[in-house]
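The values are calculated or read from the model by the stated rules, or taken from the named source; none is laboratory data. The shown structure was predicted, so the numbers you read here are calculated from the model rather than taken from an experiment. Cβ placement follows ideal geometry from the backbone for every residue including glycine, while neighbour counts extend to all protein chains displayed. These area figures cover heavy atoms from the full protein model, side chains too; ligands, DNA and RNA do not enter into them. Shrake-Rupley method; radii C 1.70, N 1.55, O 1.52, S 1.80 Å.
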Amino acid sequence: MNYRLPEIGDQEFLQEYVQEHFDHGENSISASVGLLGMAFPDWISKIHADASAGNAQWGKSLLYLCFDREKLIGLLSIRYELPEELIQTIGDIGYGVRPSERNKGYATAMLAYALSVCREKGMKRAFLGCYKDNPASAAVIRKNGGVLMAENDNYAEGRISQYYSIDLSAGNGR
(Lines give C-alpha, C1' and ligand atoms only; values in the text may rest on other atoms or scores of the structure.)
Protein backbone atom coordinates (compact mmCIF):
# COMPACT_ATOMS: atom_id res chain seq x y z
CA MET A 1 0.00 0.00 0.00
CA ASN A 2 0.99 3.60 -0.54
CA TYR A 3 0.35 6.28 2.08
CA ARG A 4 0.43 10.02 1.47
CA LEU A 5 -1.11 13.33 2.45
CA PRO A 6 -4.04 14.40 0.26
CA GLU A 7 -3.59 16.95 -2.53
CA ILE A 8 -6.01 19.13 -4.49
CA GLY A 9 -5.96 16.61 -7.36
CA ASP A 10 -7.44 13.94 -5.07
CA GLN A 11 -10.90 15.46 -4.93
CA GLU A 12 -12.43 12.93 -7.34
CA PHE A 13 -10.90 9.97 -5.44
CA LEU A 14 -12.34 11.31 -2.21
CA GLN A 15 -15.76 12.08 -3.67
CA GLU A 16 -16.04 8.47 -4.89
CA TYR A 17 -14.82 7.21 -1.51
CA VAL A 18 -17.39 9.27 0.40
CA GLN A 19 -20.18 8.32 -2.02
CA GLU A 20 -19.49 4.62 -1.47
CA HIS A 21 -19.93 5.11 2.27
CA PHE A 22 -23.21 6.97 1.72
CA ASP A 23 -24.39 4.27 -0.71
CA HIS A 24 -23.88 1.75 2.12
CA GLY A 25 -25.95 3.80 4.56
CA GLU A 26 -22.99 5.25 6.44
CA ASN A 27 -23.40 8.90 7.39
CA SER A 28 -19.94 9.52 8.80
CA ILE A 29 -16.49 8.88 7.36
CA SER A 30 -13.95 7.48 9.83
CA ALA A 31 -10.64 9.33 10.09
CA SER A 32 -11.77 12.07 7.68
CA VAL A 33 -10.94 14.99 10.00
CA GLY A 34 -13.79 17.25 8.91
CA LEU A 35 -13.85 16.36 5.21
CA LEU A 36 -17.65 16.48 5.02
CA GLY A 37 -17.97 19.89 6.67
CA MET A 38 -15.44 21.95 4.72
CA ALA A 39 -14.78 23.16 1.22
CA PHE A 40 -12.24 20.78 -0.33
CA PRO A 41 -9.39 23.33 -0.76
CA ASP A 42 -9.86 24.42 2.88
CA TRP A 43 -9.75 20.79 4.01
CA ILE A 44 -6.49 20.21 2.11
CA SER A 45 -5.00 23.33 3.71
CA LYS A 46 -6.09 22.14 7.17
CA ILE A 47 -4.58 18.67 6.71
CA HIS A 48 -1.25 20.12 5.58
CA ALA A 49 -1.23 22.73 8.38
CA ASP A 50 -1.98 20.01 10.96
CA ALA A 51 0.96 18.00 9.61
CA SER A 52 3.46 20.86 9.61
CA ALA A 53 2.45 23.18 12.44
CA GLY A 54 -0.29 21.32 14.28
CA ASN A 55 -3.26 22.97 15.92
CA ALA A 56 -3.94 24.15 19.44
CA GLN A 57 -6.44 21.39 20.25
CA TRP A 58 -4.76 18.24 18.86
CA GLY A 59 -1.14 19.12 18.21
CA LYS A 60 0.52 17.75 15.09
CA SER A 61 -1.23 15.02 13.16
CA LEU A 62 -1.13 13.26 9.83
CA LEU A 63 -4.00 12.23 7.62
CA TYR A 64 -2.97 9.79 4.95
CA LEU A 65 -4.83 8.58 1.92
CA CYS A 66 -4.19 4.84 1.63
CA PHE A 67 -3.96 3.48 -1.89
CA ASP A 68 -3.64 -0.02 -3.29
CA ARG A 69 -2.39 0.59 -6.81
CA GLU A 70 -4.61 3.44 -8.03
CA LYS A 71 -7.60 2.76 -5.76
CA LEU A 72 -8.24 4.79 -2.62
CA ILE A 73 -8.77 2.09 0.01
CA GLY A 74 -9.05 4.15 3.16
CA LEU A 75 -8.09 7.05 5.37
CA LEU A 76 -5.59 6.92 8.22
CA SER A 77 -5.32 9.58 10.92
CA ILE A 78 -2.28 9.63 13.21
CA ARG A 79 -2.42 12.11 16.09
CA TYR A 80 1.10 11.88 17.47
CA GLU A 81 1.08 15.03 19.63
CA LEU A 82 -2.35 14.60 21.17
CA PRO A 83 -2.64 16.28 24.59
CA GLU A 84 -2.77 13.86 27.50
CA GLU A 85 -6.39 14.73 28.39
CA LEU A 86 -7.57 13.61 24.92
CA ILE A 87 -5.48 10.47 24.48
CA GLN A 88 -7.87 8.02 26.11
CA THR A 89 -11.04 9.49 24.61
CA ILE A 90 -10.05 10.39 21.04
CA GLY A 91 -7.11 8.05 20.63
CA ASP A 92 -3.87 8.44 18.76
CA ILE A 93 -4.97 6.64 15.59
CA GLY A 94 -8.13 6.46 13.53
CA TYR A 95 -8.74 4.55 10.32
CA GLY A 96 -11.50 3.77 7.89
CA VAL A 97 -11.77 1.47 4.89
CA ARG A 98 -14.22 1.85 2.02
CA PRO A 99 -17.08 -0.66 2.31
CA SER A 100 -16.18 -2.66 -0.83
CA GLU A 101 -12.65 -3.28 0.47
CA ARG A 102 -13.40 -4.40 4.02
CA ASN A 103 -12.43 -7.81 5.37
CA LYS A 104 -9.41 -7.99 3.07
CA GLY A 105 -6.71 -7.12 5.62
CA TYR A 106 -6.38 -3.46 4.66
CA ALA A 107 -7.29 -2.04 8.09
CA THR A 108 -4.77 -4.36 9.75
CA ALA A 109 -2.05 -3.19 7.36
CA MET A 110 -3.04 0.46 7.81
CA LEU A 111 -2.87 0.22 11.59
CA ALA A 112 0.50 -1.55 11.43
CA TYR A 113 1.80 1.29 9.26
CA ALA A 114 0.39 3.89 11.67
CA LEU A 115 2.13 2.17 14.57
CA SER A 116 5.45 2.33 12.69
CA VAL A 117 4.92 6.09 12.21
CA CYS A 118 4.17 6.45 15.93
CA ARG A 119 7.41 4.63 16.76
CA GLU A 120 9.32 6.96 14.40
CA LYS A 121 7.77 9.91 16.24
CA GLY A 122 9.15 8.54 19.52
CA MET A 123 5.90 7.27 21.01
CA LYS A 124 6.11 4.35 23.42
CA ARG A 125 2.38 3.57 23.50
CA ALA A 126 -0.61 4.19 21.25
CA PHE A 127 -4.21 4.44 22.37
CA LEU A 128 -7.16 3.59 20.14
CA GLY A 129 -10.89 3.43 20.55
CA CYS A 130 -13.72 1.71 18.75
CA TYR A 131 -17.34 0.93 19.40
CA LYS A 132 -18.12 -2.42 20.97
CA ASP A 133 -20.63 -3.07 18.18
CA ASN A 134 -17.75 -2.93 15.66
CA PRO A 135 -16.00 -6.26 16.32
CA ALA A 136 -14.03 -5.99 13.06
CA SER A 137 -12.25 -2.85 14.28
CA ALA A 138 -11.58 -4.43 17.68
CA ALA A 139 -10.08 -7.47 15.92
CA VAL A 140 -7.79 -5.19 13.87
CA ILE A 141 -6.58 -3.51 17.04
CA ARG A 142 -5.98 -6.84 18.80
CA LYS A 143 -4.09 -8.23 15.76
CA ASN A 144 -1.74 -5.27 16.12
CA GLY A 145 -1.12 -5.92 19.82
CA GLY A 146 -4.00 -3.98 21.34
CA VAL A 147 -5.03 -4.73 24.91
CA LEU A 148 -8.49 -3.70 26.10
CA MET A 149 -8.17 -1.11 28.85
CA ALA A 150 -11.77 0.00 29.42
CA GLU A 151 -15.34 0.08 28.18
CA ASN A 152 -17.57 3.09 28.68
CA ASP A 153 -21.15 3.91 27.84
CA ASN A 154 -21.20 6.69 25.30
CA TYR A 155 -24.57 8.10 26.29
CA ALA A 156 -24.54 10.79 23.63
CA GLU A 157 -24.42 8.16 20.89
CA GLY A 158 -26.13 5.30 22.73
CA ARG A 159 -23.16 3.00 22.15
CA ILE A 160 -20.43 1.43 24.23
CA SER A 161 -16.89 2.58 23.48
CA GLN A 162 -13.88 0.33 23.95
CA TYR A 163 -10.40 1.72 24.59
CA TYR A 164 -7.23 -0.18 23.72
CA SER A 165 -3.54 0.35 24.40
CA ILE A 166 -0.70 -0.86 22.18
CA ASP A 167 2.82 -1.01 23.59
CA LEU A 168 5.24 0.29 20.95
CA SER A 169 8.43 -0.68 22.74
CA ALA A 170 9.79 -3.09 25.28
CA GLY A 171 10.27 -0.14 27.62
CA ASN A 172 7.92 2.11 29.52
CA GLY A 173 4.57 3.45 28.39
CA ARG A 174 3.88 6.72 26.62
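Points to keep in mind about this one:
- Rounded to the nearest 500, the 222 nm mean residue ellipticity of the chain from helices alone is -10000 deg cm²/dmol, with -39,500 (n - 2.57) taken per DSSP H run of at least 4 residues.
- Accessible carbon and sulfur surface of the stretch 1-131 relative to its total accessible area, %, 1.4 Å: 48 percent
- Taking every protein chain into account, the 1.4 Å probe leaves HIS21 with about 10 Å² of accessible area, to the nearest ten.
- Accessible area in square angstrom per residue, the chain, 1.4 angstrom probe: 51 Å²
- Rounded if a/c under 1.5, otherwise prolate or oblate - the stretch 94-163, Cα gyration tensor axes: oblate
- At most 11 other Cβ within 10 Å, DSSP loop - GluC sites (Glu not before Pro), the stretch 33-113: GLU70
- Global size of the chain: 15.5, 45 Å for Rg and Dmax (C-alpha atoms, Rg to one decimal, Dmax whole).
- Trypsin sites (Lys or Arg not before Pro) restricted to DSSP loop in the stretch 51-93 with at most 10 other C-beta within 10 Å: ARG69
- Look at the alpha carbon pairs under 8 Å that are at least 6 residues apart: their mean separation over the length of the chain gives a relative contact order of 17 percent.
- The stretch 1-91: relative contact order in percent, alpha carbon pairs under 8 Å with at least 6 residues between: 32 percent
- Placing +1 on the Cβ of every Lys and Arg and -1 on the Cβ of every Asp and Glu, with nothing else charged, gives the stretch 1-94 a dipole about its Cα centre of roughly 200 debye.
- Rounded to the nearest 20 debye, the dipole magnitude of the stretch 31-174 is 440 debye, with +1 charges on Lys and Arg beta carbons, -1 on Asp and Glu beta carbons, and the Cα centre as origin.
- Mean-position separation - Cα centroids, the stretch 109-167 and the stretch 31-58, in angstrom: 22 Å
- Gain in span if fully extended, ASP42 to ARG69, counting 0.36 nm per residue against the direct Cα distance: 7.0 nm
- Across the cross-link table entries LYS104/LYS132; LYS71/LYS132; LYS46/LYS132; LYS46/LYS104; LYS60/LYS104, which are compared at the Cα atoms, the separations over 26 Å belong to LYS71/LYS132; LYS46/LYS132; LYS46/LYS104; LYS60/LYS104.
- Globularity index of the stretch 1-78, i.e. its alpha-carbon radius of gyration over 2.2 N^0.38 Å: 1.07
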